[in-house]
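Enquirer: Quick one: this structure, given as structure tokens, is what I'll be asking you about.
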Amino acid sequence: VVKAFEMEIIPAERIVAQIGGTLILTCNTTGCASPSFSWRTQMDSPLGGKVNNHRTYSTLTMDPISIVNAHSYLCTVICDGRGKKEKSVKVELYSFPSDPIIEISSPVVAGKPATVTCKIPDVYPSDHLEVLLKKDEHILHEKYFLEDDSTNTETKTVTYTFHPKAEDNGKEITCVARLPIADMDFEPKERTSSQKLNANFGPQNTVIIASPGNSSMEGDSLNLTCVTRSNPPAQIVWSKYLAEESIQHLIKNNVLSIPRVHFNDSGRYICEVINLVTNKTEKATVDIIIQGAPVITKLSIEPSTTVQEGENVSIQCSAESNPPPKIILRRKSDTADRGTYSARSILLPSVMFQNGGDYECVAENKYGNSKSEITLNVKYGPKNTMITVFPTAALKEGETVTMKCTSSGNPAPVISWKKKKATGESEKISKNATITIQNLKSQDLGLYECEASNQFGKEEKAVKLYVQARLEEPDQMIPLIIAFSSVAAVAVPAVAILIYVSRQAKINGSYSLVKALRLKV
């Protein structure tokens, strides 16, 4: 049985191909042992491909497919003795090879214009192209290229400018490109690309959170946290207002931590946040109050705790607390306060030795009190030097007399005794404060001098011993008196002692001590 001469083209009738791909058209025959093949376009344009003839079929290979292949291709087969046959196939082209490319101008700053560019590479036919720009699900922009007359593949670009907001940060900018050609069957007809929006903004809504609170007790811990909204994260600088509107810079951190607060930590703190991209700065402040019992910060004596009598002295006490303390500054031995609550000092012009002693500062408020002491040491020369004679009752020859010299001074005075000789010279007889004359005799009579001295001066006192004889008549006694005259170094006149003497009596050479009189100076 002889087969009929037939032919076919594979693929048949209509082909949709993507530019840049590969297309092979095959022309098959049956019923012809030695067919002759030829290929041409309907417009007799170049084939734009390579022909390979085999015994019973022929192929036209287009690799890569280009715009010149947009034709109807005709395959002609001639079979000797059996005739000629022709069939055609239409090649329709498109190009939609890759997803869009998104470019966003940088940096994106909230409130300032930002540009989004979407590029659709090598598209054809572009007059069917549709492009959408979206922010999340919100459509920003649409563009249709209906009147585009491109005859080859082109990269199409869509540009849109918008003003991002702070809340846009992290949202997706999406470019949707569609190439809907109704009578062409290819996939995909839609391509998308997305990019997260990095919207720089802030700082804004800056606040300071104080933990445990704006008012703390001394010794507690305090954490100040600076909270702000900013992209990128803002630099944070802490500072504190000082006196005279000066500022003390503290740390660069979002948390300022004070483990144990003190009264001087009270004040206004500033959190300054800086966004280096947006070039914006914002500040927040908080007033911190530290409360607690008083702490005495200073208790001093000027010019020194040890002074010489006559110097000007100032005693000062300072304390800090919140609420402010009531301060009492006084000498401990005084019964009344020296200084009111508001006074913090005691002034002692031309200080006297009586002002020396322990001084106490008491500071108190509703949370408690604090005390501190300091000692004022006043140096002065000997004062109130005094001689005391024992016994004060009548003495007799051969008995014992004790004379004691006392004096006050700072440092304590050194006591020494001298006795006037008949020649008028003084003889040192003792370095003790007390001298004792035992077995009293006539040669013990005379002027005794007591000297009290230290590095700030000296003071002298004197006592004179007088003796009177007794009368010849044994039953008549003249009062014999030891008279003591106190003589100061500055020639204080002697105190006269009244002595009753009988002028008619005859005096014998013997004597007797009848009475001793005690004098204090």
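The values are calculated or read from the model by the stated rules, or taken from the named source; none is laboratory data. Fair warning: this is a prediction, and the values are worked out from it, not measured in the lab. Using ideal geometry, Cβ is built from the backbone for each residue, glycine included, and neighbour counts are taken over all protein chains shown. Heads up: the accessible areas ignore ligands, DNA and RNA and are worked out on the full protein's heavy atoms, side chains in. Shrake-Rupley method; radii C 1.70, N 1.55, O 1.52, S 1.80 Å.
Enquirer: Being open to solvent by 70 Å² or more (accessible area, probe 1.4 Å) and over 28 Å from Glu364 (Cβ atoms) narrows it down to one of Asn275, Asn279, Asn264, so name that one.
Expert: Asn279
Enquirer: For Ser72, state whether it is surrounded by fewer than 17 Cβ atoms within 10 Å (Cβ to Cβ), under 26 Å from Ala177 (Cβ atoms) and out of contact with any helix residue (DSSP H, G or I) (no Cβ under 8 Å at 6 or more places or on another chain).
Expert: Answer is no for this residue.
Enquirer: Of the residues Ala412, Ala422, which is within 30 Å of Ser350 (Cα to Cα), outside any strand (DSSP E or B) and assigned by the TED database to the domain that holds Asn454? Break it down stepwise before answering.
Expert: Values: Ala422 fails: within 30 Å of Ser350 (Cα to Cα).
Answer to the check: Ala412.
Enquirer: Residues in segment 1-20 that are without any contact (Cβ under 8 Å) to a residue 40 or more places away in the chain and in a loop (DSSP other than H, G, I, E, B): how many?
Expert: Adding up the residues that qualify gives 4.
Enquirer: While we're on this one: Exactly one of (1) touching a Leu at 6+ places or on another chain (Cβ under 8 Å); (2) under 26 Å from Glu6 (Cβ atoms) is unmet by Thr56. Its number?
Expert: Single failed check for Thr56: (1).
Enquirer: Across segment 167-182, which residue is surrounded by the most Cβ atoms within 10 Å (Cβ to Cβ) among those that are outside any strand (DSSP E or B) and of a type outside the set (D, E, K, R)?
Expert: Leu179
Enquirer: Have a look at Ser34, Ser58, Ser72, Ser38 and point out the one that is closer than 22 Å to Ser126 by Cα and either in the same structural domain as Thr192 (by the TED database) or small (Gly, Ala, Ser) (or both). Outline the logic, then answer.
Expert: Values: Ser34 fails: closer than 22 Å to Ser126 by Cα; Ser58 fails: closer than 22 Å to Ser126 by Cα; Ser38 fails: closer than 22 Å to Ser126 by Cα.
Only one candidate qualifies: Ser72.
Enquirer: For segment 18-31, name all the residues that are open to solvent by less than 40 Å² (accessible area, probe 1.4 Å), under 23 Å from Pro125 (Cα atoms) and of a type in the set (Ser, Thr, Tyr).
Expert: None; the set is empty.
Enquirer: Related question: Can you report the number of residues in segment 1-47 which are of a type in the set (Asp, Glu) and modelled with pLDDT of 90 or more?
Expert: So the answer is 2.
Enquirer: Of the residues Ile181, Ile173, which is in contact with a Leu (Cβ under 6 Å, 6 or more places away or on another chain) and over 30 Å from Phe263 (Cβ atoms)? First the steps, then the outcome.
Expert: Numbers: Ile181 fails: in contact with a Leu (Cβ under 6 Å, 6 or more places away or on another chain).
Exactly one residue qualifies, and that residue is Ile173.
Enquirer: So Ala182 fits all but one of (1) assigned by the TED database to the domain that holds Asn279; (2) on the phi < 0 side of the Ramachandran plot; what number is the exception?
Expert: Condition (1) is where Ala182 drops out.
Table: residues versus (1) open to solvent by 80 Å² or more (accessible area, probe 1.4 Å); (2) within 60 Å of the chain's Cα centre (by Cα); (3) closer than 30 Å to Lys156 by Cα; (4) modelled with pLDDT of 95 or more.
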| residue | (1), (2), (3), (4) |
| --- | --- |
| His54 | yes, no, no, no |
| Lys84 | yes, no, no, no |
| Lys90 | yes, no, yes, no |
| Asp99 | no, yes, yes, yes |
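So that you can scan it fast, the table gives a plain yes or no per residue for (1) surrounded by fewer than 14 Cβ atoms within 10 Å (Cβ to Cβ); (2) over 30 Å from Thr297 (Cα atoms); (3) touching a strand residue (DSSP E or B) at 6+ places or on another chain (Cβ under 9 Å); (4) at pLDDT below 95:
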{"site": "Lys383", "(1), (2), (3), (4)": "no, yes, yes, yes"}
{"site": "Val389", "(1), (2), (3), (4)": "no, yes, yes, yes"}
{"site": "Gly398", "(1), (2), (3), (4)": "yes, yes, no, yes"}
{"site": "Thr406", "(1), (2), (3), (4)": "no, yes, yes, no"}
{"site": "Lys419", "(1), (2), (3), (4)": "no, yes, yes, yes"}
{"site": "Thr423", "(1), (2), (3), (4)": "yes, yes, no, yes"}
{"site": "Ala433", "(1), (2), (3), (4)": "no, yes, yes, yes"}
{"site": "Lys441", "(1), (2), (3), (4)": "yes, yes, no, yes"}
